[in-house]
Amino acid sequence: MIRFEHVTKRYADGTTAVDDLSFEVAEGELVTLVGPSGCGKTTTMKMVNRLIEPTEGRIFLDGDDISTIDPVRLRRRIGYVIQQVGLFPHRTVLENTATVPHLLGWKRGKGRERAAELLDLVGLDPSVHGDRYPEQLSGGQRQRVGVARALAADPPVLLMDEPFGAVDPVVRERLQNEFLKLQAQVRKTVLFVTHDIEEAVRLGDRIAVYGQGRIEQFDSPATVLGAPATPYVADFVGADRGLKRLSVTPVEESDLDQPPVVHLDDPLATATERLRSQGARWAVVLDGRDNLHGWIPADATARGAAGGAVRDHARRMEAWLPLGAPLKQGFATMLQHDAGWIAVVDEEGGGRFLGVLTPARLHEALRRSIDADAQDVPRAEVAVETVATVARTS
Ligand SMILES: Nc1ncnc2c1ncn2[C@@H]1O[C@H](COP(=O)(O)OP(=O)(O)O)[C@@H](O)[C@H]1O
Ligand SMILES: [Mg+2]
């Protein structure tokens, strides 16, 4: 969708901001450009909508060489969100959001309708916030309006330059989550600039790590964290990259152990028998719909001789994890509940119990995330921190 071919940008004073850059972003992909200040991220981005012209090389949008496209028409295909949102202070939120449809000559009613739809999409109630002025909004709300405005004409491409850089960390995390949900719905091709590696690995399908004017590594977050291509990248992603990788690796069904399972209405004797045959010290207890209820320890089932049902001795288990959640969430939940295992359920399937995640399986899953993503990297060069190391550094 976006392709850079040997693009170089030298400013008039001789600064080489971008040096022989080649990369490609697929349709619907979210690529984060990350690196320290002054490494050429903004320059890269502004060349895509021709706010800056390259000195050498070519850039293609959906196969078209952008130097042949009229800049004004080009920018209609590209939404642009920056840190200082640049909302018009004397126009309402709704009017600001409808700016591009208005410029495109849409009928007023249609433009406002579309604007209201988009405000809703970014989590602002148009009937509450639509008639306010930008100064009557919080920083986080203004950024949301900026995103809504960029999406107003439904461009296939979004350029975002440190859009959440000016808001506090709590709001930033909320905006990131909302943006991920939004992107899952709208599937734009996104170039997202940030200097924050946490933000880059959180949002990016792939991330481009910049050195001075060059991309040092362009890979999935798990690969960049698990197998940094150069010492520079290793240094940039930080010594705690093992921990960071926990947040970009989802729990999969094959990561789960299958302990003995009993149902609430089973006689206690059945539970005793099942635990004994599998040599287990506890069993997972499910309700009639195969949803998680809790667990039952072996010593409770041993009293089965006295009769009774599992229901009478089962303990509730409040901690669980949805399938696909990051391993980090699993690990955090284990620590929080001081639990040696945690049940994983299929949220989309109505909460059906799937298996349990244990520290040993979590460790294996981390390894799997590298094996899958970095098949070209020799095994010996891939350092996998043990769960114990992770626990010590957290
Ligand atoms: N208009 C300009 N004239 C001269 N140098 C510039 C100009 N804009 C940016 N630069 C320089 O180009 C380099 C890359 O800048 P920039 O792309 O803004 O980096 P980033 O967005 O990664 O912080 C920096 O050294 C910066 O000082
Ligand atoms: Mg910049």
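The values are calculated or read from the model by the stated rules, or taken from the named source; none is laboratory data. These numbers come from a predicted model, not from an experiment. FYI the Cβ positions are ideal-geometry reconstructions off the backbone, even for glycines, and counts take in every protein chain you see. Quick note on the areas: whole protein, heavy atoms, side chains included, nothing else; ligands and nucleic acids left out. Shrake-Rupley method; radii C 1.70, N 1.55, O 1.52, S 1.80 Å.
Structure above, values below:
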item: Number of the exception - residue 94 against (1) touching a Gly at 6+ places or on another chain (Cβ under 8 Å); (2) within 14 Å of ligand 1 (Cβ to nearest atom); (3) at pLDDT below 95; result: (2)
item: Output for segment 151-161, where each listed residue is open to solvent by 30 Å² or more (accessible area, probe 1.4 Å) and touching a residue at least 24 places away in the same chain (Cβ under 8 Å); result: 156
item: Positions within segment 255-269 being outside any loop (DSSP other than H, G, I, E, B) and in contact (Cβ under 8 Å) with a residue 40 or more places away in the chain, in sequence order; result: 255, 257, 261, 262, 263, 267, 268
item: When residues of segment 4-20 are limited to those that are under 21 Å from residue 74 (Cα atoms) and out of contact with any Leu (no Cβ under 8 Å at 6 or more places or on another chain), the one least open to solvent (accessible area, probe 1.4 Å); result: 9
item: Given (1) away from ligand 2 (no atom under 13 Å from the Cβ); (2) more than 19 Å from residue 206 (Cα to Cα), number of the condition residue 2 does not satisfy; result: (2)
item: Cβ pairs under 9 Å, 6+ apart, first in segment 1-22 and without any contact (Cβ under 8 Å) to a residue 24 or more places away in the chain, second away from ligand 2 (no atom under 16 Å from the Cβ) and outside any strand (DSSP E or B); result: 11/55
item: Number of the condition not met by residue 199 [criteria: (1) more than 18 Å from residue 39 (Cα to Cα); (2) outside any loop (DSSP other than H, G, I, E, B); (3) within 16 Å of ligand 1 (Cβ to nearest atom)]; result: (1)
item: Residues that are open to solvent by less than 80 Å² (accessible area, probe 1.4 Å), within 12 Å of residue 292 (Cβ to Cβ) and under 22 Å from the mean Cα position of the chain (by Cα), drawn from segment 312-348; result: 321, 322, 344, 345, 346
item: Hits in segment 24-62 (condition: part of a loop (DSSP other than H, G, I, E, B), more than 9 Å from ligand 1 (Cβ to nearest atom) and among the hydroxyl-bearing types (Ser, Thr, Tyr)); result: 55
item: Residues that are among the aliphatic types (A, V, I, L, M) and under 24 Å from residue 62 (Cα atoms), drawn from segment 201-226; result: 203, 207, 208, 209, 215
item: Residues satisfying the stated conditions in segment 91-145, i.e. in contact with a Ser or Thr (Cβ under 7 Å, 6 or more places away or on another chain) and not aliphatic (A, V, I, L, M); result: 130, 131, 132, 133
item: From the options 40, 57, 35, residue that is small (Gly, Ala, Ser), touching a residue at least 24 places away in the same chain (Cβ under 8 Å), closer than 17 Å to residue 5 by Cβ and within 16 Å of ligand 2 (Cβ to nearest atom); result: 40
item: Filtered residues of segment 61-85 (kept if surrounded by 16 or more Cβ atoms within 10 Å (Cβ to Cβ) and at pLDDT 95 or above); result: 61, 66
item: When residues of segment 162-175 are limited to those that are of a type in the set (A, V, I, L, M, F, W, C), surrounded by 19 or more Cβ atoms within 10 Å (Cβ to Cβ) and not in a helix (DSSP H, G or I), the one modelled with the highest pLDDT; result: 164
item: Failed item, numbered, when residue 261 is tested on (1) over 30 Å from residue 139 (Cα atoms); (2) open to solvent by less than 10 Å² (accessible area, probe 1.4 Å); result: (2)
item: All helices (runs of 4 or more DSSP H) inside segment 86-150 with 2 or more residues being open to solvent by 30 Å² or more (accessible area, probe 1.4 Å); result: 99-103, 108-121, 126-129
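So that you can scan it fast, the table gives a plain yes or no per residue for (1) farther than 21 Å from residue 42 by Cβ; (2) open to solvent by 50 Å² or more (accessible area, probe 1.4 Å):
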{"position": "190", "(1), (2)": "no, no"}
{"position": "198", "(1), (2)": "no, yes"}
{"position": "202", "(1), (2)": "no, yes"}
{"position": "213", "(1), (2)": "no, no"}
{"position": "232", "(1), (2)": "no, yes"}
{"position": "246", "(1), (2)": "yes, no"}
{"position": "278", "(1), (2)": "yes, yes"}
{"position": "294", "(1), (2)": "yes, no"}
